[in-house]
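*Asks:* Can you keep this structure in mind? I'll have questions shortly.
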Amino acid sequence: MDDRDAFAAMIYVLRTGIQWNALPRQMGASSTVHDRYQEWERAGFFEQLWRVGLAEYEELEGIEWEWQALDGVMSKAPLGRDATGKNPTDRAKMGTKRSMLTDGAGIPLAVAVEGANRHDSKLLVAPLDGLVVARPAPGEQQDAHYYCSSEQHLCLDAAYDSDEVRQELEARSYEPHISPAENNKRGERKEASQHLGGRARRWVVERTHSWLNRSRRLLVRWEKKTENYLGFIHLACAQLIFSKILVSG
C-alpha cells in the first residue's frame, strides 16, 4: 500500500474516531493500515512529525517560552491496559489521563499519559522531562536576533498547589503561577496565573486539550497498548501545528 494512502487513512481514523475494522474499504484494507500504523509508531514517526512541525513553527512564528501552561484531562479507557486507572469523576470506570505542556499560544510541547486515578501533581515531571524540542534556558540567545525571555513562567491550577511542586519548578528555573487551593469559593477565587497586563494564562492549555479532542479518536481510548494511544496523540499534535503553520503562511 502506498505510504501516502496509508497516512490519509490514519488521519481519517484519528479525525472520525471509527474503529480500525470500520475503515471504508476504498481507503485500504484496515489490517494493512493498522499494521503500517504500528510500524510507524515503533519507528517514532508520529513524534518526529510533531518535532518537525514545531521546528517549522519556531522558524515562522516563534515558540512563546515566556508563558507556559500545564494541565491534564481524563478520557474513558474501556479496553486500556497500561496507564489506566479508576476515574474518580466517572464512577470509578477505567480511564486515562493526558497531561500536556503548552507554550503561551497553546502550542503543544510535551505530553504524558497515566491512569485517571493519578493525581495531577504526580504528573508534573513526565511532561517537563518529555519536551519534544529542547527548552532554551531563560535569557539564552536563540539566534542572531532573538533572546529567550529572562524569566519563564509556568501556569497551573489548584491541583498543583504544593511545596513539592514549587520546589521542582524553581529547580527547573520556572516562575510558578498556581491557583491557591484554598481560594476556590465563588467570588473568592484568585487567578494566580496572570501576566502583568492582567491576562490569565492557564486557559491556553485547556483550549489545546479542546482542540485535540476534535480528533474524535482521542475522546475515548480504545487502544489497549499505551504506545498506540500516544501515537494518535502525537499525530493530533502534529496536525494541529501544521494547521497553524498553514494559517500563518
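The values are calculated or read from the model by the stated rules, or taken from the named source; none is laboratory data. Here the structure is a predicted model, which is why all the values come from computation and not from measurement. Methodologically, a virtual Cβ is constructed for each residue, glycine included, from the backbone with ideal geometry; neighbour enumeration extends over all protein chains shown.
*Asks:* I'm checking my understanding of the structure. Among residues of region 223-249 that are over 16 Å from Val132 (Cα atoms) and touching a Gly at 6+ places or on another chain (Cβ under 8 Å), which one is surrounded by the most Cβ atoms within 10 Å (Cβ to Cβ)?
*Replies:* If we take residues in region 223-249 being over 16 Å from Val132 (Cα atoms) and touching a Gly at 6+ places or on another chain (Cβ under 8 Å), then Tyr229 is surrounded by the most Cβ atoms within 10 Å (Cβ to Cβ).
*Asks:* Something else about it: So in region 63-94, with the set limited to residues that are of a type in the set (D, E, K, R) and out of contact with any strand residue (DSSP E or B) (no Cβ under 8 Å at 6 or more places or on another chain), which one is farthest from Asn117 (Cα to Cα)?
*Replies:* Start the filter on region 63-94 by keeping residues that are of a type in the set (D, E, K, R), which leaves 64, 66, 71, 76, 81-82, 86, 90-91, 93.
Filter once more, keeping what is out of contact with any strand residue (DSSP E or B) (no Cβ under 8 Å at 6 or more places or on another chain): 64, 81-82, 91.
Details: Glu64: 31, Arg81: 14, Asp82: 13, Arg91: 12 Å.
Going through the qualifying residues, I end up with Glu64.
*Asks:* Go through (1) touching a strand residue (DSSP E or B) at 6+ places or on another chain (Cβ under 9 Å); (2) crowded, with 16+ Cβ neighbours inside 10 Å; (3) at pLDDT 95 or above one by one and return the number of the condition Ile107 breaks.
*Replies:* (1)
*Asks:* Would you call Asp82 at pLDDT below 90, surrounded by fewer than 21 Cβ atoms within 10 Å (Cβ to Cβ) and more than 10 Å from the chain's Cα centre (by Cα)?
*Replies:* yes
*Asks:* Every residue in region 200-249 that is assigned to a helix (DSSP H, G or I), farther than 16 Å from Arg15 by Cβ, touching a strand residue (DSSP E or B) at 6+ places or on another chain (Cβ under 8 Å) and among the aliphatic types (A, V, I, L, M), please.
*Replies:* Listed by number, the residues that qualify are Val204, Val205, Leu230.
*Asks:* So, one more: Would you confirm whether any residue within region 116-128 is touching a strand residue (DSSP E or B) at 6+ places or on another chain (Cβ under 7 Å) and closer than 21 Å to Gly17 by Cα?
*Replies:* Among the residues of region 116-128, at least one is touching a strand residue (DSSP E or B) at 6+ places or on another chain (Cβ under 7 Å) and closer than 21 Å to Gly17 by Cα, which makes the answer yes.
*Asks:* Restricting attention to region 116-126, and to residues there that are part of a helix (DSSP H, G or I) and within 18 Å of Ala158 (Cα to Cα), which single residue is modelled with the highest pLDDT?
*Replies:* Val125
*Asks:* Look through region 88-107, keep the residues that are part of a loop (DSSP other than H, G, I, E, B) and among the small types (Gly, Ala, Ser), and return whichever of them is farthest from Ala134 (Cα to Cα). Break it down into steps so the answer makes sense when it comes.
*Replies:* Taking region 88-107 and keeping what is part of a loop (DSSP other than H, G, I, E, B), we get 88-93, 103-107.
Cutting the leftovers down to among the small types (Gly, Ala, Ser) gives us 92, 104-106.
Values: Ala92: 37, Gly104: 16, Ala105: 17, Gly106: 17 Å.
By that ranking, first place goes to Ala92.
*Asks:* Only one residue in Gly28, Gly62, Gly17 is on the phi > 0 side of the Ramachandran plot and without any contact (Cβ under 8 Å) to a residue 60 or more places away in the chain. Which one? Quick ask: steps written out before the conclusion?
*Replies:* Values: Gly62 fails: without any contact (Cβ under 8 Å) to a residue 60 or more places away in the chain; Gly17 fails: without any contact (Cβ under 8 Å) to a residue 60 or more places away in the chain.
Criteria check complete, one pass: Gly28.
*Asks:* Still on this structure, I have one more. State the number of residues belonging to region 104-124 that are farther than 17 Å from Arg201 by Cβ and in contact (Cβ under 8 Å) with a residue 60 or more places away in the chain.
*Replies:* 2
*Asks:* Further question on the same structure: Kindly indicate which of Arg51, Arg4 is among the basic types (Lys, Arg), part of a helix (DSSP H, G or I), surrounded by 14 or more Cβ atoms within 10 Å (Cβ to Cβ) and at pLDDT 95 or above. Steps first, answer last, please.
*Replies:* Values: Arg4 fails: surrounded by 14 or more Cβ atoms within 10 Å (Cβ to Cβ).
On inspection, the qualifying residue turns out to be Arg51.
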